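> Next up is a structure, given as structure tokens.
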Amino acid sequence: MTETIKTNTFFSILWSILSKWSSKLIGMASTMVLARLLTPADFGIIALATIVIAFLDSITDAGLNLYVLRQKKDDSSIFDTAWTLGVIQGFLIAVPLVIGAPWIADFYNQGALQEVIYCLALARILQSFNSLGIIVAQKHLNFKIEFTFTLITRLSYLVSTVGFALYFQSFWALVLGQLVSAVVGCAVSYWVHPFRPKFCLQHWREMLRFSTHTVPFSFGRYINNQLDVAVIGRVAMAEFVGLYHVAVNLATLFTKELLIPVIRGLIPNISVQKDSDNFNQILVTTFAAAVYVFLPIGIGLSMISYEFVKVILGSQWSAAAPMLSWFSLHAMLAGLMMFFSEQFLVILDKEPLSNKLMWLRNVLLIITLAITLSFYDVFALPFALFICSLASLPFVLVVISRALQLSITSLLASWWPAMLSVSVMAYVVSVVPAVYGSVIVTLLLKVSSAALVYLSCLLALFWLRGKPTDSLEQMLLSRIKQQFSR
């Protein structure tokens, strides 16, 4: 039974990562193309519309997907109720958007924003009719269905957006691409899974009671992830908002966004193992794995930000490079805190504590925004956000270690090999010479050097420590040997 759980966990995480990263990599491919066809101001207008929609999403999010995943038995009436409430949520978002579009456009001083919001409101309604079969499949640890859904939907966005960009040469390419993606996504959601929803409100009371915890959490996450963009949209030009928004997206793509599919793959399995005798060790190892992966990614991306922006986006986006340098560090720390303090606490029925930690981080964020914009300017914000996340991390670790009955010493002791290895990696990358006339070669040289040095240091430290049997390295090596011995 234990081996089956481990196998299902491995493949569910694998398919979840493939699903999320296929979406993000296709999105990055479209960004690479669109960045050369559109201007930062075009991206800025869409970013402003997106943060308004995300705000309404956060205050109406009842956590229906998580509610379905936490149910031990399959119940079609629960699935139908969740789908029905999802449709209602879609209209609760779209109607205020349509009514408030003129005011929103005036608030941000962007007249074109009104028509953009009308179109995106329609896209949100279409998305609300997606079949719940994708979530039902996740409940059964079948993330392959979600991968298929995501791949087709994102490819439709890529093809349509690039086509519209070539024709319109404006932000309307991004808007119409989302509409096409919403139509295709709705159709594909019914094609990939046999579940056929019916309108039903049988369990609406239980789901709304559940939402008393999820809505504050969702709104808190919105503030944590979107408040800075919402604020600078009011005080900065659309061009700066576009640069800022793209830099944030690139930073989170390789940090926080990679954590999300891992968490989603773990959710159906953590509940099964939380009563086991070695559950604390499982948590320590899981947290260590996150540090081993995201510490070198966040720091490495920060150090290659100039070459990365030049290659991926082009010269007209060079102003985004210093932003990306600080955002990658900020997203790395914020992603780790999300991994430690959000989903794991919710899985272990500690939603109130998760909400408190979220809102504590939000208070620090609001103070950071107020101080930075009062005494400095928007260009100092990326660095200020990094300092804010750095200050939040120790407190989050102390609270989490106490809540989950973990030794903070054991947590930090499992991280030091990664921290030492990434320090050596950072030094090596800093002395890699630039290849004259070839930014791409310089980028590849720095990335390959970083990966080689980091992995070599980890293995060397593992050997010098006497190859401890309870280490993350030994667990990974054992798993690799098992795969090759089959």
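Rule-based calculations on the coordinates, nothing more; no lab input. From a predicted model like this one, the values you see are computed outputs, not experimental measurements. Every residue, glycine as well, gets a Cβ built from its backbone with ideal geometry; the counts of neighbours run over all protein chains shown.
> Work out how much length I408 to Q316 would gain on full extension: take 0.36 nm times their residue separation and subtract the Cα-Cα distance, in nm to one decimal. Display every interim value, and only then the final one.
On the way: separation 92, 0.36 × 92 = 33.12 nm, distance 4.55 nm.
So the extension gain works out to 28.6 nm.
> For the chain, state the semi-axes of the equivalent ellipsoid (square roots of 5 times the eigenvalues of the alpha-carbon gyration tensor), sorted largest first and rounded to whole angstrom.
Working: eigenvalues 223, 189, 101 Å².
For the chain, the ellipsoid semi-axes come out as 33, 31, 22 Å.
> If you don't mind, another one. Please list 237-250, 213-226, 428-441, 327-340 highest first by mean number of surrounding beta-carbon atoms within 10 Å per residue.
Working: 237-250: 22.9, 213-226: 19.4, 428-441: 12.1, 327-340: 25.5.
The packing order, highest mean first, is 327-340, 237-250, 213-226, 428-441.
> About its Cα centre, how strong a charge dipole does the chain have in debye, to the nearest 20, once Lys and Arg get +1 and Asp and Glu get -1 at the Cβ?
Its charge dipole is roughly 920 debye.
> Right, another one. Could you give the dipole magnitude of segment 14-140 about its Cα centre, charging the beta-carbon of Lys and Arg +1 and that of Asp and Glu -1, in debye to the nearest 20? Each step should come with its number before you reach the end.
Values: 8 positive and 8 negative charges, 102 e Å.
Computed charge dipole of segment 14-140: roughly 480 debye.
> OK, next. Run the paramagnetic zone check for S77: 7 angstrom along Cα to Cβ, then residues of segment 160-203 with backbone nitrogen under 11 Å.
201-203
> Order the peptides 155-163, 463-471 from the highest to the lowest mean number of other Cβ atoms within 10 Å of their residues. Don't skip to the end; give the middle numbers.
Values: 155-163: 19.0, 463-471: 10.6.
Listed from highest to lowest mean packing, they are 155-163, 463-471.
> Still on this structure, I have one more. If you put +1 on each Lys and Arg Cβ and -1 on each Asp and Glu Cβ, how big is the dipole of segment 54-98 around its Cα centre, in Debye rounded to 20? Can you show the working numbers first?
Working: 3 positive and 5 negative charges, 28 e Å.
Using Cβ point charges on Lys, Arg, Asp and Glu, segment 54-98 gives about 140 debye.
> Compute the FRET efficiency between V95 and A460 as 1/(1 + (r/R0)^6), taking r as their Cβ-Cβ distance and R0 = 60 Å, and round to the nearest 0.05.
Working: r = 60 Å, r/R0 = 1.00.
The value I calculate is 0.50.
> With θ taken as phi - 60° and the coefficients 6.51, -1.76 and 1.60, list the Karplus ³J(HN,Hα) couplings across segment 89-100 in order, rounded to whole Hz; mark glycine and proline as x.
Karplus values, whole Hz, x for Gly and Pro: 4, x, 6, 5, 8, 5, 4, x, 4, 5, 5, x.
> Here's another thing I want to ask about it. Quick one: of K24/K310; K198/K356; K446/K467; K24/K139; K73/K350, which pairs are farther than 25 Å apart, Cα to Cα? Before the final figure, lay out the partial values.
On the way: K24/K310 19 Å; K198/K356 37 Å; K446/K467 29 Å; K24/K139 23 Å; K73/K350 22 Å.
Violating the 25 Å Cα-Cα cut-off are K198/K356; K446/K467.
> Positive end of the dipole of segment 147-246, charges at C-beta (+1 Lys, Arg; -1 Asp, Glu), about the Cα centre: which of A238, V192, S218 has its Cα farthest in that direction?
Checked the options; the winner is V192.
> Rule-of-thumb check for segment 1-247: C-alpha Rg over 2.2 N^0.38 Å?
Values: Rg = 18.9 Å, N = 247, 2.2 N^0.38 = 17.9 Å.
The reported ratio for this selection is 1.06.
> Can you pull the one-decimal nm distance between simple spin-label points at R205 and M32, each 7 Å off the Cα toward Cβ?
Going from the R205 label point to the M32 one covers 5.5 nm.
> Multiplying the sequence separation of Q474 and V424 by 0.36 nm and subtracting their Cα-Cα distance, what value in nm do you get? It would help to have the intermediate numbers written out before the result.
Values: separation 50, 0.36 × 50 = 18.00 nm, distance 2.17 nm.
Stretched out fully, the Q474 to V424 stretch lengthens by 15.8 nm.
> Whole-Hz Karplus ³J(HN,Hα) for segment 69-74, in order, using 6.51 cos²θ - 1.76 cosθ + 1.60 and θ = phi - 60°, x for Gly and Pro?
Whole-Hz 3J(HN,Hα) from phi for segment 69-74: 5, 7, 6, 6, 10, 7.
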